[in-house]
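Structure first, then comments.
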Amino acid sequence: QKEVEQNSGPLSVPEGAIASLNCTYSDRGSQSFFWYRQYSGKSPELIMFIYSNGDKEDGRFTAQLNKASQYVSLLIRDSQPSDSATYLCAACRQGGKLIFGQGTELSVKP
Amino acid sequence: KAGVTQTPRYLIKTRGQQVTLSCSPISGHRSVSWYQQTPGQGLQFLFEYFSETQRNKGNFPGRFSGRQFSNSRSEMNVSTLELGDSALYLCASSRTGTSGAGYSYEQYFGPGTRLTVT
């Protein structure tokens, strides 16, 4: 079992729809969670971070954390073709290493 | 505020050679982490430096080493290059980085160095 797991996709949604990206983690000691967006040929760009259970909203993005279920998600509302990218979930393991999932490829169709 | 810079952006080396990559963090950030990204393995943690000390290390052979200077700039060295070392090497800058209790400040990535080993 990988420490941080994501569905590889591709996840395809129509323009204007809500894209839902999911991530599970295995280390119960993890307290900090991050979502990065990576366009092809570019480096990862931080889009959200969350430390507490519940929802955190920033513009069109909402991160959700459920520590009891060891589950993190990212919702993208009003998806745009420019949101098409690979989304990486990361968790900080107890002991201090940031562990990344394999990423979910999102495709937003006009 | 200037972002994270990495030099060089591209490198081509031959098996057996060594290489040094450089990273300058965001001003005021004291933690630098290094990652290797390949299509097969994804983003893998190499090591983290904070205040010139290695704080954490990933599961890479001893051929991979790093250091951090007093101005927080960091270098990563790979000796005796192998074909499998071909990858995108990313450094990430953070205010104070990770703690042993599972917390981490946000990490911001540089553009990366694309290393090709032939």
Practice task
Enumerate the pairs (first residue in the stretch A:82-106 and more than 12 Å from chain B (Cβ to nearest Cβ); second residue anywhere and of a type in the set (Lys, Arg) and in a loop (DSSP other than H, G, I, E, B)) with beta-carbon separation below 9 Å, excluding pairs fewer than 6 apart on the same chain, so at least 6 apart or on different chains.
Solution key: A:Asp83/A:Arg60; A:Ala85/A:Lys42
Handout entry: Options A:Gln1, A:Gln70; residue that is more than 11 Å from chain B (Cβ to nearest Cβ), under 26 Å from B:Ala87 (Cβ atoms), without any contact (Cβ under 8 Å) to a residue 60 or more places away in the chain and not small (Gly, Ala, Ser)
Key = A:Gln1
Practice task
Kindly check whether there is at least one residue in the stretch B:60-67 that is touching a residue at least 24 places away in the same chain (Cβ under 8 Å) and under 14 Å from A:Lys97 (Cα atoms).
Solution key: yes
Fill in the blank from the handout: Taking the stretch A:32-62 and the residues there that are part of a strand (DSSP E or B) and surrounded by fewer than 18 Cβ atoms within 10 Å (Cβ to Cβ), the one that is nearest to the other protein chains (Cβ to nearest Cβ) would be A:Leu46
Completion exercise
The strands (runs of 3 or more DSSP E) lying wholly within the stretch B:1-58 that contain at least 3 residues that are free of Cβ contacts under 8 Å to residues at least 40 places away in the same chain and surrounded by 12 or more Cβ atoms within 10 Å (Cβ to Cβ) are B:42-50
Fill in the blank from the handout: Residues in the stretch B:67-118 that are assigned to a strand (DSSP E or B), within 19 Å of B:Thr20 (Cβ to Cβ) and at the interface with chain A (Cβ under 7 Å from one of its Cβ atoms) total 1
Completion exercise
Among residues of the stretch A:77-90 being more than 10 Å from the chain's Cα centre (by Cα) and closer than 26 Å to A:Gly41 by Cβ, the residue surrounded by the fewest Cβ atoms within 10 Å (Cβ to Cβ) is A:Ser82
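Any read-out appearing in this document is the output of simple, stated calculations on the displayed coordinates, not a laboratory observation. Since we're looking at a predicted model, the values are computed, not measured. Neighbour counts run over all protein chains shown; Cβ positions are idealised from the backbone, glycine included.
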